[in-house]
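The values are calculated or read from the model by the stated rules, or taken from the named source; none is laboratory data. Since this is a predicted model, take the numbers as computed values, not measurements. Cβ placement follows ideal geometry from the backbone for every residue including glycine, while neighbour counts extend to all protein chains displayed. With ligands, DNA and RNA removed, areas are computed over all heavy atoms of the protein, side chains included. Shrake-Rupley method; radii C 1.70, N 1.55, O 1.52, S 1.80 Å.
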Amino acid sequence: MPAAVKKQRASGLLITFEGIDFSGKSLQAELFYQRVVESGNRALALRDPGATSISEKIRAILLDNRHGEMSPWTELLLYEAARAQMIEQSIKPALQRGSVVVCDRLYDSTTAYQGYGRQLDLTLVTAANHIGACGLAPDMTLLIDLPVPIAAERKKQLKRKKDRMENAGDDFQQRVRGGYLKLAADEPGRIHVIQGDQPVELIRDHIWHVFTKRWPEFRD
Ligand code: TMP
């Protein structure tokens, strides 16, 4: 049997990438996705919020700089609504097909950004996350950790216009980073902290090593 067929899984895996803005996690999610595809496995790459028509529309509302008046509670619920749609419409069917679903952010972002960043009540944020997750939890999460001053420098170098969340400021990003590290300390079996201040290829290889250590059937 060809390797590509042999390696297909009966039930999929949900792998999420997390990190503060400009941590480099989206690039790493993309590189990881490519590597899964190259290994001959079915894969799907998504971003949260996004991926479906409804969720992308909600994303546009969330990131629009003209929406400075948005209540943090509205923000929380919109992230959950976008996620619920993506999970039901895209992620669950892909997992049933046996795909490796690579998700750029999921509910850990909500805990970090709305819980720690916006300082909403963590019990309520967790309850909202339960609704938005529609019964799913990531099999593994890669947290790309980067000190805020380095992320701020990357942000400065990047000439494009920044969105509403990216404009939230360094103190906000500090709280978000602290929240992520707390989550990782609480769930070391699922959340792996990857040092983001390293060359892209090193980070990519480190992530693949962590992943294939847990699921050796993906090794080349
Ligand atoms: P992105 O930059 O990874 O595409 O995500 C868009 C922004 O939304 C980013 O600033 C992080 C933020 N965000 C939250 O505040 N809460 C969430 O639950 C998610 C998924 C993202």
Query raised in the report: Can you list the HN-Hα couplings for the stretch 13-26, worked out from phi with the Karplus curve (6.51, -1.76, 1.60; θ = phi - 60°), rounded to whole Hz and with x for Gly and Pro?
Result: 10, 10, 10, 10, 10, 9, x, 5, 4, 6, 7, x, 5, 5
Report task. Please go through the stretch 13-100 and write out the trypsin sites (Lys or Arg not before Pro) that DSSP classes as loop and that have at most 15 other C-beta atoms within 10 Å. Result -> 66, 97
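Remind me, relative contact order of the chain in percent, using alpha carbon pairs under 8 angstrom and six or more residues apart? Write out the running numbers ahead of the final one.
Numbers: 352 pairs, mean separation 66.4, N = 220.
Taking the mean separation of contacting Cα pairs over the length of the chain, I get 30 percent.
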Report summary line: Taking only the alpha carbons of the stretch 147-220, the radius of gyration and the largest Cα-Cα distance, Dmax, both in angstrom, are 15.5, 42
Report summary line: the stretch 14-36 scanned against label point 7 Å out from residue 214 along Cα→C-beta; backbone N under 20 Å for 14-20, 24-36
Report task. Would you please state which residues of the stretch 96-124 a label at residue 11 would reach in this model, taking the label point 7 Å out along Cα→Cβ and a backbone N cut-off of under 11 Å? Result -> 96
**Report entry** Net +/- balance of residues flanking residue 181 in space, Cβ distance below 12 Å, scoring K and R +1, D and E -1
**Finding:** -2
**Report entry** Probe 1.4 Å, protein heavy atoms only - accessible area per residue of the stretch 73-181 in square angstrom
**Finding:** 43 Å²
Requested in this report: Quick one: pull the percent of accessible area on the chain belonging to carbon and sulfur, 1.4 Å probe, ligands and nucleic acids left out.
Outcome: 56 percent
Report task. Please turn the phi angles of the stretch 36-48 into ³J(HN,Hα) values with the Karplus equation 6.51 cos²θ - 1.76 cosθ + 1.60 (θ = phi - 60°), one per residue in order, whole Hz, x for glycine and proline. Result -> 5, 4, 4, 7, x, 9, 6, 8, 9, 10, 9, 10, 10
Query raised in the report: So which residue, out of 61, 20, 87, gets the largest mean-square fluctuation from a GNM of the chain using Cα contacts under 10 Å as springs?
Result: 61
Requested in this report: Heads up, I need the accessible area for residue 192: 1.4 angstrom probe, whole protein in place, Å², nearest 10.
Outcome: 50 Å²
Requested in this report: Work out how much length residue 67 to residue 26 would gain on full extension: take 0.36 nm times their residue separation and subtract the Cα-Cα distance, in nm to one decimal.
Outcome: 12.3 nm
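Using a 1.4 Å probe and counting only protein heavy atoms, arrange 73, 215 so the residue with the most accessible area comes first. Before the final figure, lay out each step's value.
Numbers: 73 110, 215 25 Å².
So, going from the largest accessible area down, we get 73, 215.
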Query raised in the report: On the first, second and third principal axes, largest extent first, how far apart are the outermost C-alpha atoms of the stretch 1-97 in Å?
Result: 58, 28, 17
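Multiply the residue gap between residue 187 and residue 60 by 0.36 nm, knock off their C-alpha separation, and tell me the result in nm, one decimal place. Working shown, then result.
Working: separation 127, 0.36 × 127 = 45.72 nm, distance 3.13 nm.
Answer, rounded to one decimal: 42.6 nm.
Return the calculated 222 nm mean residue ellipticity for the chain, to the nearest 500 deg cm²/dmol, obtained by summing -39500 (n - 2.57) across DSSP H runs with n ≥ 4 and dividing by the residue count.
Numbers: 10 runs with 107 residues, N = 220.
Taking each H run of at least 4 residues, the total per residue is -14500 deg cm²/dmol.
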Query raised in the report: Tell me, what is the Rg over Rh of the stretch 13-218, with Rh the Kirkwood radius over Cα pairs?
Result: 0.94
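About the Cα centre of the stretch 13-218, how large is the charge dipole given +1 on each Lys and Arg Cβ and -1 on each Asp and Glu Cβ? Please answer in debye to the nearest 20.
Values: 27 positive and 27 negative charges, 84 e Å.
Around 400 debye, computed over the stretch 13-218.
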